[in-house]
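Visitor: Handing you a structure now.
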Amino acid sequence: CLDSKGEVHQFGSWKTDDCHSCSCDKNGIQCCSTFVSPSGYDEEKCESIFNKETCTYKVVEKDDHSKECPVHGWVG
């Protein structure tokens, strides 16, 4: 299977550098995200930061990243 970056993969499954889980078989390639995105937080005061090592988001105050913001929903 040929992925979106032009890399060839044998049949099977793998995790991408951008936190997607992919599988390849005779029907083609399928990928889905392995993380959920935050929603329902104060976007003027806060920002979401993605950690590629843990494949998770953290929502913190823009002016002070040591202070987390409340999140009211997650989208997968």
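Visitor: Heavy-atom accessible area of Thr34 with all protein chains present, probe 1.4 Å, nearest 10 Å²?
Guide: Estimated to the nearest 10 Å², Thr34 gives 70 Å².
Visitor: What part of the accessible area of the chain, given as a whole %, is carbon or sulfur when the probe is 1.4 angstrom?
Guide: C and S atoms contribute 46 percent here.
Visitor: Now for a separate question. Give or take rounding to whole Å, what are the principal axis extents of the alpha carbon atoms in the chain, in descending order?
Guide: In descending order, the Cα extents are 48, 19, 17 Å.
Visitor: Across the chain, how many lysine pairs, 8 or more apart or on two chains, come within less than 26 Å at their alpha-carbon atoms?
Guide: Qualifying lysine pairs in the chain: 12.
Visitor: Now for a separate question. Excluding ligands, DNA and RNA, what is the solvent-accessible area per residue of the chain at a probe of 1.4 Å, expressed in Å²?
Guide: With the other protein chains kept in place, the chain gives 75 Å² per residue.
Visitor: Tally Lys/Arg at +1 and Asp/Glu at -1 over every other residue whose Cβ is under 15 Å from the Cβ of Cys46; what's the total? Please report the intermediate quantities before stating the final value.
Guide: Values: positive: Lys45, Lys58, Lys62, Lys67; negative: Asp42, Glu43, Glu44, Glu47, Glu61, Asp63, Asp64, Glu68.
Result for the local shell: -4.
The values are calculated or read from the model by the stated rules, or taken from the named source; none is laboratory data. This one's a predicted model, so the numbers in the text were calculated from it and none came from an experiment. Glycine also receives a Cβ, built like all others from the backbone with ideal geometry; neighbour counts cover every protein chain displayed. All accessible areas refer to the heavy atoms of the entire protein, side chains included, with ligands and DNA or RNA removed. Shrake-Rupley method; radii C 1.70, N 1.55, O 1.52, S 1.80 Å.
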